[in-house]
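Inspection log for the structure reproduced underneath, given as structure tokens.
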């Protein structure tokens, strides 16, 4: 049985690096839209039997209920910090008869069922730890493993390399997968530019928030005014990856 764990930051404090583009209420709306797209993709996937939403956001329990997911409070785990919290939650879930676990961030608006299928196929083929890297090939947006390949969680700067190194030190085989639906996590203006250029592939909640809406139009104008050359170069680079 494959399970999934989605750690979710307090939505009120989410996406502060987008403060130059979005008001606090808009950042919350974007964060919620993206995590709803992730939860929807996971809960509808035929190989994922249970999804756990890990968060202390006041609305997280209702959000989990909406998608028939399990709600787990960070406070209940008795630790703080993303890596420690995810490690504690992983331990609880894997004890509960789950032979395989996906851990993924909630800000992946392009994630689709084919991405999950590809990750599970790679894990079945190669075993060990599968790392879904970000588009820079530096961050880790998804991890897939079983009881025998539980990683030392190293989310943060250069986490892809750090996860690989830690796995090697633990004697765990690891492999990296790069897919557009996993690679785009939205933290900064250039990420937002790529999302706006890819709304035809985005999940329904993210698309509904941004596609041909007043907010989406305002973001496009703001992005055009912010170093347009670098934004265009970024879009072209992503097109060729």
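Only the coordinates and a few stated rules stand behind these numbers; no lab work does. In this text, all values refer to a predicted model and were calculated from it rather than measured experimentally. Virtual Cβ from ideal backbone geometry, glycine too; neighbours counted across all protein chains shown.
Rounded to the nearest 10 degrees, the angle from helix 113-126 to the longest Cα principal axis of the chain is 40 degrees.
Under the 0.36 nm per residue contour assumption, what length would be gained going from the current alpha-carbon distance of residue 217 and residue 178 to full extension? Don't skip to the answer; put the middle values down first.
Details: separation 39, 0.36 × 39 = 14.04 nm, distance 2.99 nm.
Between residue 217 and residue 178, full extension yields an extra 11.0 nm.
Only beta bridges with both residues in the range 106-190 are counted; by DSSP, about 50 percent of them are antiparallel.
Taking 0.36 nm per residue of sequence separation and removing the Cα-Cα distance, the residue 158/residue 113 pair yields an extension gain of 13.6 nm. Within the range 2-183, antiparallel bridges make up roughly 35 percent of the DSSP beta bridges whose residues both belong there.
With contacts taken as Cα pairs under 8 Å at a separation of at least 6 residues, the range 110-197 carries a relative contact order of 34 percent. For the chain, the spread of Cα positions along the three principal axes, ordered from largest to smallest, is 49, 38, 32 Å. Using a Förster distance of 30 angstrom, determine the FRET efficiency expected from the C-beta separation of residue 10 and residue 136, and round it to 0.05. The formula returns an efficiency of 0.75 here.
Look at where the Cα atoms of the range 74-141 and of the range 150-164 average out, and the two centres are 11 Å apart. Each label point was placed 7 Å from the Cα along the Cα-to-Cβ direction; for residue 165 and residue 201 their separation is 3.1 nm.
If R0 is taken as 22 Å, the Cβ-Cβ distance between residue 17 and residue 56 corresponds to a FRET efficiency of 0.60. Give me the angle, in degrees from 0 to 90, between the Cα long axis of helix 82-95 and the longest principal axis of the Cα atoms of the chain, rounded to the nearest 10. Between helix and principal axis, roughly 50 degrees. Using C-alpha pairs under 8 Å with a sequence gap of at least 6, the mean separation divided by the residue count of the range 2-183 gives a relative contact order of 22 percent.
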